[in-house]
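Working notes, structure below.
The values are calculated or read from the model by the stated rules, or taken from the named source; none is laboratory data. On a predicted model such as this, the values are computed, not experimentally measured, just so you know. All Cβ positions, even for glycine, are placed from backbone atoms using ideal geometry, and neighbour counts span all protein chains on display.
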Amino acid sequence: MANPLFDRLFGTHAGKATPFIRLADGTVLSHQDFLGTAAQIAHVLTQTGLTPGDRVAVQVEKSPEALALYAACVQAGLIFLPLNTAYTADELSYFIENSGASVVICDSRNEATLTPIAKSLSAGLETLNANGSGTLMDQAAAMPLSFVTVDREGSDLAAFLYTSGTTGRSKGAMLTQDNLLSNAETLAQEWRFTADDVLLHALPIFHTHGLFVASNVTLIAGGSMIFLPKFDLETVLAALPDATTMMGVPTFYTRLLGDARFNSDLTAHMRLFVSGSAPLLAETHVQFETRTGHRILERYGMTETNMNTSNPYEGDRRAGTVGFPLPGVELKITDPASGETLPQGDVGQIEVRGPNVFKGYWQMPEKTAAELRADGFFITGDLGRIDADGYVHIVGRNKDLIISGGYNIYPKEIELVLDEQPGVLETAVIGVPHPDFGETVLGVVVAAPGQTPDTEAMMVAVQKQLARFKHPRKLIVIDELPRNTMGKVQKNILRDSYKDMFQT
Ligand code: MCA
Ligand code: AMP
């Protein structure tokens with residue numbers, strides 16, 4: 001028996017003094033330092049009584065210890081459940097309850113709020129702060145630096161990542177060891193990652209992009225990462241000379257292009273820039289090449305599937321496309337109504353199948369059945385076409401989703417909060433173009449007859465319940481929502497009416 005994910009990502013580095021994590025202050029942690037910390041954390045978690053398959057809910061700032069906590073969960077056979085640091089207590093309590101997490105690991109500043117929630121759901125609670133302090137590492141310090149890896153099968157679950165849904169209820173995407181491992185292996189190969197690579201890592205580590213794509217690919221190649229707490233323009237510009245590669249959401253690249261210091265001199269030594277999580281505008285791709293001489297490599301993925309397609313490393317990286325299906329991934333374009341495959345070149349829904357595709361949504365068999373076909377194809381909800389050269393183009397979404405700065409926002413979740421507020425008849429939340437975030441959230445409100453909703457009070461209600469990145473940037477009150485003959489709200493008309501609201 002073995003533990004394929006741990007053995008391949010982490011185990012191969014046992015005893016190696018090679019650099020793994022480089023911090024902005026110059027500190028360098030070796031693979032072995034990192035593995036020692038992971039082993040110590042694994043001891044703490046198992047000694048508190050956790051057993052394989054238990055869920056570990058984690059809402060902490062990005063730090064080497066936070067990443068070691070992920071490694072510890074893999075080594076101990078626990079299911080890692082990372083959560084956006086922006087989530088409110090209301091949101092967290094849903095995730096903890098829905099997942100049945102056995103322990104919650106949070107920043108000390110949220111301890112007072114989360115302790116009663118964890119207690120009421122019979123979960124333990126430990127703290128881990130951005131500087132590595134807190135109860136988790138206090139206990140870990142006394143633990144041995146090695147841990148006997150728990151046996152796991154490739155089909156065993158390694159992580160739950162929650163993703164919102166069109167009904168407003170988040171779903172726990174169950175990812176197996178094989179899902180994560182197969183994708184990491186493919187991407188490292190396709191993007192030519194080696195032990196010499198130094199990845200500039202400025203993404204959060206609670207989502208697929210920063211956790212699995214960036215970290216797993218670096219780990220599998222034996223490379224190192226400049227591990228920044230977040231995307232800060234000055235820090236990124238200062239770190240670039242020491243990096244060979246960078247991964248980011250389009251906002252990273254538009255922010256870099258907004259600074260004249262980001263030029264071909266600064267980037268001449270770079271090997272690769274990868275973009276994903278949201279559409280990269282063709283004009284950004286072109287501007288980037290003009291400025292730096294590099295063509296950004298755009299790829300396409302989802303929480304449920306990891307990465308599905310990528311532009312080629314060698315060959316033409318085409319602006320406005322997400323490239324070809326990755327090796328081992330099947331991709332087809334189907335008719336949303338019949339599910340039949342459409343003729344080449346037609347626009348339809350994108351479906352994917354492969355070792356990267358998740359196992360289903362935790363305890364939601366109906367939702368799983370609605371999106372994951374019995375033959376293994378997953379209905380992504382994205383609309384696309386395949387051109388004559390085989391490049392996949394994403395042309396829209398068959399799901400009501402806003403992507404702001406790489407974060408997914410489901411309008412339904414916000415509409416449910418707004419609809420409840422006094423004086424409101426109904427609302428429609430839409431995404432409109434935004435120069436920095438790509439899209440941003442606009443709330444359109446219709447007043448109940450004879451009433452005047454208090455939009456400021458409505459924003460306060462939203463702030464209490466939902467993470468900051470989901471908040472509408474503006475609420476506007478109109479007389480009535482546009483509807484089609486079936487009575488369905490025509491959000492496309494609203495999106496068109498307000499498309500210039502945030503454009504400069
Ligand atoms: C922060 N804010 C946001 C966002 N981020 N609002 C909307 N959308 C956002 N993405 C809030 C802040 O709390 C702040 O609120 C205000 O907006 C402005 O903050 P700012 O300082 O400009 O933001 P930032 O802290 O610099 O963050 C922007 C960011 C960050 C760097 C683009 O959001 C980010 O790192 N995004 C990456 C997300 C990501 O990793 N996605 C991958 C998901 P206030 O004004 O009140 O202070 S995985 C995925 O999608 C699939 C699998 C895939 O294909 O990868
Ligand atoms: P998430 O639910 O956070 O995993 O986000 C997945 C969604 O992000 C996909 O279904 C797409 O709509 C979008 N996405 C990811 N990468 C790209 C890309 N390169 N271009 C356009 N959309 C993308």
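Tell me, please, whether a residue that is out of contact with any strand residue (DSSP E or B) (no Cβ under 6 Å at 6 or more places or on another chain), of a type in the set (S, T, N, Q) and at pLDDT 95 or above can be found in the stretch 294-316. Looking for residues that are out of contact with any strand residue (DSSP E or B) (no Cβ under 6 Å at 6 or more places or on another chain), of a type in the set (S, T, N, Q) and at pLDDT 95 or above, one finds at least one in the stretch 294-316, hence yes. Counting only residues that are in contact (Cβ under 8 Å) with a residue 60 or more places away in the chain and assigned to a loop (DSSP other than H, G, I, E, B), which one in the stretch 363-388 is nearest to ligand 1 (Cβ to nearest atom)? This residue is 364. If you go through the stretch 66-93 and keep only what is part of a loop (DSSP other than H, G, I, E, B) and aromatic (Phe, Trp, Tyr), you end up with just 87. For the stretch 410-437, a tally of residues being without any contact (Cβ under 8 Å) to a residue 24 or more places away in the chain and more than 25 Å from residue 503 (Cα to Cα) returns 1. From the list 192, 169, the one residue that fits, being more than 18 Å from residue 65 (Cα to Cα), modelled with pLDDT under 95 and surrounded by fewer than 23 Cβ atoms within 10 Å (Cβ to Cβ), is 169.
Okay, residues lined up against (1) over 21 Å from residue 13 (Cβ atoms); (2) among the basic types (Lys, Arg); (3) within 16 Å of ligand 2 (Cβ to nearest atom):
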position	(1), (2), (3)
153	yes, no, no
161	yes, no, yes
175	yes, no, yes
181	no, no, no
189	no, no, no
203	yes, no, yes
206	yes, no, yes
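Just so you know, in the stretch 416-442 the residues that are in a strand (DSSP E or B) and among the aliphatic types (A, V, I, L, M) include one that is nearest to ligand 1 (Cβ to nearest atom), and it is 441.
In this entry, residue 380 is excluded by the filter for residues that are more than 15 Å from ligand 2 (Cβ to nearest atom) and in contact with a Lys or Arg (Cβ under 9 Å, 6 or more places away or on another chain).
For residue 99, the criteria (1) in contact with a Pro (Cβ under 8 Å, 6 or more places away or on another chain); (2) over 25 Å from residue 227 (Cβ atoms); (3) among the hydroxyl-bearing types (Ser, Thr, Tyr) hold in every case but one, which is (1).
Every residue, every condition in (1) surrounded by fewer than 22 Cβ atoms within 10 Å (Cβ to Cβ); (2) out of contact with any Lys or Arg (no Cβ under 6 Å at 6 or more places or on another chain); (3) not aliphatic (A, V, I, L, M), yes or no:
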{"residue": "215", "(1), (2), (3)": "no, yes, yes"}
{"residue": "232", "(1), (2), (3)": "yes, yes, yes"}
{"residue": "238", "(1), (2), (3)": "yes, yes, no"}
{"residue": "250", "(1), (2), (3)": "no, yes, yes"}
{"residue": "258", "(1), (2), (3)": "yes, yes, yes"}
{"residue": "264", "(1), (2), (3)": "yes, yes, yes"}
{"residue": "268", "(1), (2), (3)": "yes, yes, no"}
{"residue": "289", "(1), (2), (3)": "yes, no, yes"}
{"residue": "308", "(1), (2), (3)": "no, yes, yes"}
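Conditions (1) more than 14 Å from ligand 1 (Cβ to nearest atom); (2) of a type in the set (Phe, Trp, Tyr); (3) without any contact (Cβ under 8 Å) to a residue 12 or more places away in the chain; (4) part of a loop (DSSP other than H, G, I, E, B), marked per residue:
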position	(1), (2), (3), (4)
399	no, no, no, yes
444	yes, no, no, no
493	yes, no, yes, no
502	no, yes, no, yes
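For the stretch 477-490, indicate whether the set of residues that are touching a residue at least 12 places away in the same chain (Cβ under 8 Å), within 28 Å of the chain's Cα centre (by Cα) and surrounded by 14 or more Cβ atoms within 10 Å (Cβ to Cβ) is non-empty. Scanning the stretch 477-490, I find no residue that is touching a residue at least 12 places away in the same chain (Cβ under 8 Å), within 28 Å of the chain's Cα centre (by Cα) and surrounded by 14 or more Cβ atoms within 10 Å (Cβ to Cβ), so the answer is no. Consider the stretch 491-501 and keep the residues that are of a type outside the set (Ser, Thr, Tyr) and in contact with a Leu (Cβ under 8 Å, 6 or more places away or on another chain). The one that is surrounded by the fewest Cβ atoms within 10 Å (Cβ to Cβ) is 501.
Being within 16 Å of ligand 1 (Cβ to nearest atom) and more than 11 Å from residue 292 (Cα to Cα) is the filter; apply it to the stretch 257-271 and report the residue that is farthest from the chain's Cα centre (by Cα).
Of the stretch 257-271, the ones within 16 Å of ligand 1 (Cβ to nearest atom) are 257-259, 262.
With the extra rule that they be more than 11 Å from residue 292 (Cα to Cα), the set shrinks to 258-259.
Working: 258: 24, 259: 26 Å.
If we take residues in the stretch 257-271 being within 16 Å of ligand 1 (Cβ to nearest atom) and more than 11 Å from residue 292 (Cα to Cα), then 259 is farthest from the chain's Cα centre (by Cα).
Looking only at the stretch 446-476, residues that are assigned to a loop (DSSP other than H, G, I, E, B), touching a Leu at 6+ places or on another chain (Cβ under 7 Å) and buried (at least 17 other Cβ atoms within 10 Å of the Cβ) come to 1 in all. The set of residues in the stretch 384-440 being within 12 Å of ligand 2 (Cβ to nearest atom) and over 30 Å from residue 256 (Cβ atoms) consists of 398, 400.
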